[in-house]
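Quick notes on the structure that follows.
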Amino acid sequence: MPNSNDLSLRDRQRAFSNALANQRLAGQEPDPRTVAELALVVNGELTIETVLERVRARIAAGDFGQKPDR
């Protein structure tokens, strides 16, 4: 599977939009904070590994599902 460096910004944006749409079609609303962080992955500002670490930490702390601090 290609990494994010191998994909164009447009491809990453399309994949991100499709993933969100699939979640919503399945009846699940994506966690707003995670969505915000994944948008940073699309733009090359974070790695997916960092987002996964943050999600795991929020789950462990009972904070998963909180809105981003913006």
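The values are calculated or read from the model by the stated rules, or taken from the named source; none is laboratory data. Treat the numbers as computed from the prediction; the structure is a model and nothing was measured. Glycine gets a Cβ as well: all are built from the backbone with ideal geometry, and neighbour counts include every protein chain shown.
Tabulated results
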read-out: Any pair with Cβ under 9 angstrom, 6 or more apart, that starts in region 35-64 at a residue that is more than 17 Å from residue 11 (Cβ to Cβ) and ends at one that is part of a loop (DSSP other than H, G, I, E, B) and modelled with pLDDT of 95 or more; value: 37/46; 54/46
read-out: All positions within region 20-41 that are surrounded by 13 or more Cβ atoms within 10 Å (Cβ to Cβ) and of a type in the set (A, V, I, L, M, F, W, C); value: 20, 35, 36, 38, 39, 40, 41
read-out: Filter result for residue 49 (of a type in the set (D, E, K, R), outside any helix (DSSP H, G or I) and modelled with pLDDT of 95 or more); value: no
